[in-house]
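What follows is a set of notes on a single structure, which appears directly below.
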Amino acid sequence: MSSNKSSTFLRSIKPPKKNNSYAHSSPQQATGYSGKVLDKFNTQKISISVIGAGNVGSAIAYALTIKNVASEINIIDVNEEKQEGEVMDISDGIAFVETGVVKNGSFKDAKNSDIIVVTAGSRQKPGDTRLDLAMENKKIMKSIFQKIGRLKPTSIVIIVSNPVDVLTHYVQKITNLPAGQVLGSGTTLDTSRLRTMLSLKFKVSAQNIHGYVLGEHGNSSFVAWSTVTIGGIPIKEVKGFTQEYAKHTEIEVRKQAYEIIEKKGSTYYGIGLSVANIIKAILFDQSLVLPVSARLDNWNGVSNVCLGTLAIVGRNGVKGLWPLKLNTEEKKKLKKSADLVKSYL
Ligand code: NAD
């Protein structure tokens, strides 16, 4: 096509009419490809920021990517190389999922996110308890939320770094959000460990096993056996269940993290799926009863501390606590756990 012919061809394309909804000031915008035009339609964008691109942060980002719950997942770490590597690796699979984009995020992105997941900080070395990490990880929480600044009033923060109950309480204090919008992963992982163990023993799907590990996500956690049912039958009535088995299983659930750390250095796949499940409950406003870490206010006699409790989780984070009545022995265990966590606040 000669240049003369080409300009005749271009002149023959009529500009859009003034009252046409695509009538924007520049030809680029008129095509509908400019960010500005797309933003207008993209009011439902769901943005999740994962702070900390270590083992846990990247497992959570990966679980979220394959669960197709977000338009955008930002990964943020002070170690830029690690952050970029994880973004590149997870993004390599984006062609096989519906998630929009996994990208290198900044603390400014976190400020605008619907959900901020915090996994940054030290992890247990073999022999450490989670509570040993309190001092160091409180400092890291402080520096992260100073960098992010004032959070938008609809943001939900999920703390995963340990000791998760201590840090959830701390972040509730240092951010501008209502307490229900700052929750911790609590004993969701411990509870899924229990359900898996019961599933293997009683040969029933873990999805048909209900019941909870409560209290500190740590050595003082306990199985609330009074809550456990298998296919609707209280576990105490299920053939094969004995007090000896209960004791042994409770210890096994508590020991699981230590054993994994001993064998492979850290735990991350289980927590990846546990956190993705919490996030799904929030985004789909499911009102799912989950043992997340939330502030107790005379729940089975305990107040003013965050612990793995039974919370109703939906679009506003923790909507309230489920009024479960623990038995006397379980109440004692909850109080013991609360006293321990309180000594680290
Ligand atoms: P990791 O060492 O692999 O990763 C931690 C990451 O945090 C590192 O990449 C580090 O660069 C980053 N980081 C440190 N300070 C930061 C800051 N100020 N801003 C941004 N990033 C920062 O550790 P991990 O195995 O991923 O574990 C992370 C945390 O999760 C630990 O505290 C661990 O105990 C905890 N954890 C919790 C659960 C649970 O059930 N709640 C389960 C497993 C692990």
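The values are calculated or read from the model by the stated rules, or taken from the named source; none is laboratory data. Since this is a predicted model, take the numbers as computed values, not measurements. Every residue, glycine among them, receives a Cβ derived from its backbone with ideal geometry; neighbour counts consider all protein chains shown.
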Of the residues in the stretch 165-188 that are within 13 Å of the ligand (Cβ to nearest atom) and in a loop (DSSP other than H, G, I, E, B), the one that is nearest to Gly317 (Cα to Cα) is Ser185
Asn162 fails exactly one of the following numbered conditions: (1) more than 12 Å from the ligand (Cβ to nearest atom); (2) assigned to a loop (DSSP other than H, G, I, E, B). What is the number of that condition? (1)
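Hey, can you tell me all the residues within the stretch 210-223 that are away from the ligand (no atom under 15 Å from the Cβ) and crowded, with 21+ Cβ neighbours inside 10 Å? Spell out how you get there, then give the answer.
Here is the first cut: in the stretch 210-223, the ones away from the ligand (no atom under 15 Å from the Cβ) are 210-211, 222-223.
Within the stretch 210-223, Phe222, Val223 meet the criteria.
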Could you count how many residues in the stretch 141-159 are more than 10 Å from the ligand (Cβ to nearest atom), without any contact (Cβ under 8 Å) to a residue 40 or more places away in the chain and basic (Lys, Arg)? 1
Among the residues of the stretch 279-290, are any buried (at least 22 other Cβ atoms within 10 Å of the Cβ) and in contact with a helix residue (DSSP H, G or I) (Cβ under 7 Å, 6 or more places away or on another chain)? yes
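Residues are listed down the side, and each one gets a yes or a no for (1) within 25 Å of the chain's Cα centre (by Cα); (2) over 22 Å from Arg130 (Cβ atoms); (3) assigned to a helix (DSSP H, G or I); (4) modelled with pLDDT of 95 or more:
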position	(1), (2), (3), (4)
Lys239	no, yes, no, yes
Glu244	no, yes, yes, yes
His248	no, yes, yes, yes
Val253	yes, no, yes, yes
Glu262	yes, no, yes, no
Gly270	yes, no, yes, yes
Leu273	yes, no, yes, yes
Lys280	yes, yes, yes, yes
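Inside the stretch 68-92, can you point out the residues that are in contact with a Ser or Thr (Cβ under 7 Å, 6 or more places away or on another chain) and more than 16 Å from the ligand (Cβ to nearest atom)?
Residues of the stretch 68-92 that are in contact with a Ser or Thr (Cβ under 7 Å, 6 or more places away or on another chain), as a first pass: 68, 70-74, 76, 86, 90.
Residues satisfying the conditions are Asn68, Ala70, Ser71, Glu72.
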Residues of the stretch 103-140 being more than 9 Å from the ligand (Cβ to nearest atom) and of a type in the set (A, V, I, L, M), which ones? Ala110, Ile115, Ile116, Val117, Leu131, Ala134, Met135
Here are the criteria: (1) more than 14 Å from the ligand (Cβ to nearest atom); (2) aromatic (Phe, Trp, Tyr); (3) not assigned by TED's automatic domain parsing to the domain that holds Ser293. Tell me which single one Phe202 does not satisfy. (3)
